[in-house]
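What follows is one structure encoded as structure tokens, with my remarks underneath.
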Ligand code: MG
């Protein structure tokens with residue numbers, strides 16, 4: 001479709017520490033494999049997405065969410081003619097910098113850091129993981145990923161201008177990310193909207209008709225499903241309609257992006273970087289559907305008292321642990337104790353907490369305060 005905008009792997013700016021070529025895997029395929037084999041990737045299994053574990057064993061966690069994002073992003077990349085391996089690597093890595101307890105955890109870590117004039121950003125943390133914290137190779141720290149994967153990791157969800165983020169000056173500030181990276185955020189949006197709808201429906205938080213009232217695109221699909229499968233159960237009709245909605249959203253992403261590329265008449269991947277705006281986009285109709293879904297989920301799921309109570313507990317656990325370790329960094333385990341002698345303690349404590357899984361964070365809290373988290 002828009003093969004001309006595919007980033008040619010042969011033009012990669014390469015790795016920080018040069019390595020010999022692999023006989024049958026190209027650099028993006030190797031990056032994908034390195035991410036899958038990393039410890040940060042495996043920890044995604046024990047980090048929550050929206051619902052805390054324990055309510056149900058088939059709700060999404062951050063690992064299964066990541067697999068869904070990857071599937072959607074790869075499908076879009078393939079049909080558009082983009083580099084599927086680069087897209088896959090970026091999708092697999094897109095949440096590895098997430099701290100425990102989802103967005104509540106991220107916001108609280110950021111709030112704690114702001115008290116020291118610093119900040120926490122999960123994309124930046126992901127970069128630090130792949131550049132430093134993963135220690136698996138004898139010859140270099142981190143995973144030594146290609147420039148394009150690291151750039152996509154810090155840029156997939158927001159652009160930054162020159163001088164805005166001094167620590168990211170190496171990553172072409174002011175330029176758009178490659179189209180493969182631009183797909184990730186929208187694939188993420190499709191995946192979490194659909195998954196949260198599915199999990200919250202399973203938790204009995206609303207009926208399919210209540211979604212239909214607020215999300216017209218879902219309503220139209222549901223009506224057709226009810227006519228076509230009148231004997232199906234309400235649950236089957238819900239799932240059938242959701243499946244078709246995901247398909248419509250992915251198609252909207254593919255069509256919107258292809259139309260945008262045609263309109264902007266961009267010649268190649270390098271030209272994508274120099275456009276004032278991103279190329280990846282939904283069609284107007286699917287953008288409206290995605291917005292309506294978000295609003296529905298906000299009102300009926302994210303802002304409900306049950307989830308607010310979960311968030312309140314997670315936030316206070318992180319805040320208390322942060323204070324506990326900053327007050328006396330010798331309470332940190334090695335090598336963090338030693339790091340805190342040279343680096344700002346709040347930064348070391350932040351890195352330690354950000355790497356925790358939900359369960360490990362709870363255990364640490366229990367050990368620190370002798371109370372269940
Ligand atoms: Mg995500």
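The values are calculated or read from the model by the stated rules, or taken from the named source; none is laboratory data. Model, not experiment: these values are computed from the prediction. Cβ: placed from backbone, ideal geometry, glycine included. Neighbour counts: every protein chain shown.
Below is a table of values for the structure above.
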quantity	calculated
Residue in region 176-194 that is over 17 Å from residue 14 (Cβ atoms) and assigned to a loop (DSSP other than H, G, I, E, B) present	yes
Selected residue [surrounded by fewer than 21 Cβ atoms within 10 Å (Cβ to Cβ), without any contact (Cβ under 8 Å) to a residue 40 or more places away in the chain and more than 24 Å from the chain's Cα centre (by Cα)] from 255, 213	213
Some residue of region 182-195 being more than 16 Å from the ligand (Cβ to nearest atom) and closer than 24 Å to residue 303 by Cβ	no
Of the criteria (1) in contact (Cβ under 8 Å) with a residue 24 or more places away in the chain; (2) in a helix (DSSP H, G or I), which one residue 206 fails	(2)
Matching residues, region 101-125, being outside any helix (DSSP H, G or I) and touching a strand residue (DSSP E or B) at 6+ places or on another chain (Cβ under 8 Å)	101
Cross-chain or 6+ apart pairs with Cβ under 7 Å, region 60-73 first and farther than 17 Å from residue 243 by Cα, then near the ligand (Cβ under 10 Å from one of its atoms) and modelled with pLDDT under 95	61/49; 62/49
Options 243, 214, 165, 235; residue that is within 29 Å of residue 151 (Cβ to Cβ) and either away from the ligand (no atom under 16 Å from the Cβ) or touching a strand residue (DSSP E or B) at 6+ places or on another chain (Cβ under 9 Å) (or both)	165
Positions within region 6-15 being assigned to a loop (DSSP other than H, G, I, E, B) and either surrounded by fewer than 16 Cβ atoms within 10 Å (Cβ to Cβ) or modelled with pLDDT under 95 (or both), in sequence order	8, 13, 14
Residue among 77, 91 that is in contact with a helix residue (DSSP H, G or I) (Cβ under 8 Å, 6 or more places away or on another chain) and within 16 Å of the ligand (Cβ to nearest atom)	91
Single unsatisfied condition, residue 271 versus (1) under 21 Å from residue 292 (Cβ atoms); (2) away from the ligand (no atom under 16 Å from the Cβ); (3) surrounded by 13 or more Cβ atoms within 10 Å (Cβ to Cβ)	(1)
